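Working notes for the structure below.
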Ligand code: NAD
């Protein structure tokens, strides 16, 4: 498919089949992918049958990878090289299917490269442990060793639309690093980037049985992805409702659930307001506000709120949005017109509950303007639930206790940002915010692709992703003991 990407420039659609253990599998039942900005046909993919899914998992379960750590590492470095060498064409595909602007899609390809480089390095690290057994009065002259093994069954992976390439990279790279076999179902909204990545991995030398991509209507195939007997582990990134459905459906399978967020930026009275407003704008609008860790609430100390809001509005006005292919734009569309209408309605509802709209809330199809509101009540729908779009709602707080109370008041607990230099505040935030990550003077989304990342409460079960943690959750730990010390 890599060689076909040039078709996009000519406006020719990419009609693709599934990749099941490297074979192209298609049928007559097809789903179309349309450009969210102009409605053009970007391509189409088949609707898998339940039989297709069963076959993919059967092949995956039966295969045992012979790859050494060195070979896995080489394949992933080669993958990163291929991604890097084709960055512009790949970013065009992401932009065409997701409506993300070129700045965002170029950044995303770079992130995916990082994922493969980190996984390539991590594959080389021996992850075994050694325990001496003469540690207690009833100890023995022995040692216990641990060995990380790939799962016996296959991994079932399901990904969302907001990072069509990088979310897939975060599933498949740790799977390869640990010699597992994965069947991935990307979202039906942006499946083409996942199919492209499969081709790049095959070209880099991955045994095709180690990675299959199936496409289709979740109403027909999702349950099979969760209950198939050849599956040992389900790894899912997406929204809370489907995450909770999976938790109930994938019985006696290991589950890694990376779900929605409602991340705050908390701005205290001593903060550098210029810096805080810059972080607020980038955290709120990057990727059209469609990041699990996008800033979805701005909790600002009342003593500095007026000044902060002025800066926020001015910086928001400077955001250029429109045609996602225009390399000068900072924001493209959101995923579809339906989502944009939902943001519009939530903003109107917030206004009815007393919020003041200061900028934006303009919509044209899937194009939705960056939007700022002040005096937002902490319990209105716009901020009590996850709003997955470029909206900056300011909630004023009275002191640190109030900031922590508001931050913890939603069911989510993914990440957060705090803007202050006071160590007493910082230590209290680190202890009391009910989240998976706290970034001081950085956006909530700041991370390395290697470092542990994931949420608590409704945002996830506490298992982390990031290459290193994902590798741990994709393995069985076997212990063996030997009679020497
Ligand atoms: P979504 O939950 O609507 O869909 C995610 C995936 O689930 C898609 O592939 C979809 O086809 C599939 N699906 C649909 N029905 C299913 C079912 N019954 N069983 C199993 N799978 C099913 O999410 P989305 O709208 O694509 O993505 C946005 C959401 O993802 C936001 O809530 C965002 O916060 C979250 N997200 C979380 C993280 C994280 O790391 N925590 C990262 C990115 C996005």
Per-region count, the stretch 292-313, residues surrounded by 13 or more Cβ atoms within 10 Å (Cβ to Cβ) and more than 16 Å from the ligand (Cβ to nearest atom) | 14
Residue selected from the stretch 355-375 under the condition more than 23 Å from residue 408 (Cα to Cα) and outside any strand (DSSP E or B), by the criterion farthest from the ligand (Cβ to nearest atom) | 362
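Here are some residues: 238, 216, 243. Which one is out of contact with any helix residue (DSSP H, G or I) (no Cβ under 9 Å at 6 or more places or on another chain), within 14 Å of the ligand (Cβ to nearest atom) and within 24 Å of residue 170 (Cβ to Cβ)?
Numbers: 238 fails: out of contact with any helix residue (DSSP H, G or I) (no Cβ under 9 Å at 6 or more places or on another chain); 216 fails: out of contact with any helix residue (DSSP H, G or I) (no Cβ under 9 Å at 6 or more places or on another chain).
On inspection, the qualifying residue turns out to be 243.
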Report yes if residue 378 is away from the ligand (no atom under 16 Å from the Cβ), more than 30 Å from residue 253 (Cβ to Cβ) and in a helix (DSSP H, G or I), otherwise no.
-> no
Considering the stretch 209-241 alone, what residues qualify as being surrounded by fewer than 18 Cβ atoms within 10 Å (Cβ to Cβ) and either over 18 Å from residue 192 (Cα atoms) or out of contact with any strand residue (DSSP E or B) (no Cβ under 9 Å at 6 or more places or on another chain) (or both)?
-> 219, 220, 223, 227, 229, 239, 241
Test residue 410 against the criterion of being crowded, with 16+ Cβ neighbours inside 10 Å, modelled with pLDDT of 95 or more and within 15 Å of the ligand (Cβ to nearest atom), and give yes or no.
-> yes
Just give me the residues in the stretch 160-189 being part of a loop (DSSP other than H, G, I, E, B) and either more than 24 Å from residue 294 (Cβ to Cβ) or out of contact with any strand residue (DSSP E or B) (no Cβ under 7 Å at 6 or more places or on another chain) (or both), in sequence order.
-> 161, 162, 163, 164, 165, 178, 179, 180, 181, 187, 189
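Inside the stretch 276-291, can you point out the residues that are within 16 Å of the ligand (Cβ to nearest atom) and touching a helix residue (DSSP H, G or I) at 6+ places or on another chain (Cβ under 7 Å)?
First, pick out the residues of the stretch 276-291 that are within 16 Å of the ligand (Cβ to nearest atom): 283-291.
Across the stretch 276-291, the qualifying residues are 286, 287.
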Hits in the stretch 246-275 - residues which are within 11 Å of the ligand (Cβ to nearest atom), surrounded by 22 or more Cβ atoms within 10 Å (Cβ to Cβ) and in a loop (DSSP other than H, G, I, E, B) = 259, 260, 261, 262
Mind listing just one residue for me: the one in the stretch 385-405 that is in contact (Cβ under 8 Å) with a residue 60 or more places away in the chain and surrounded by fewer than 20 Cβ atoms within 10 Å (Cβ to Cβ) and, of those, nearest to the ligand (Cβ to nearest atom)?
-> 385
Could you tell me whether the stretch 441-459 includes any residue that is more than 16 Å from the ligand (Cβ to nearest atom) and in contact with a helix residue (DSSP H, G or I) (Cβ under 6 Å, 6 or more places away or on another chain)?
-> no
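To keep it simple, each residue is scored yes or no on (1) modelled with pLDDT of 95 or more; (2) surrounded by fewer than 16 Cβ atoms within 10 Å (Cβ to Cβ); (3) assigned to a helix (DSSP H, G or I).
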residue: 73; (1), (2), (3): yes, no, yes
residue: 82; (1), (2), (3): yes, no, yes
residue: 88; (1), (2), (3): yes, yes, yes
residue: 100; (1), (2), (3): yes, no, no
residue: 104; (1), (2), (3): yes, no, yes
residue: 126; (1), (2), (3): no, yes, no
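The values are calculated or read from the model by the stated rules, or taken from the named source; none is laboratory data. Owing to the predicted nature of the structure, the values given are computational and were not obtained by experimental measurement. Neighbour counts run over all protein chains shown; Cβ positions are idealised from the backbone, glycine included.
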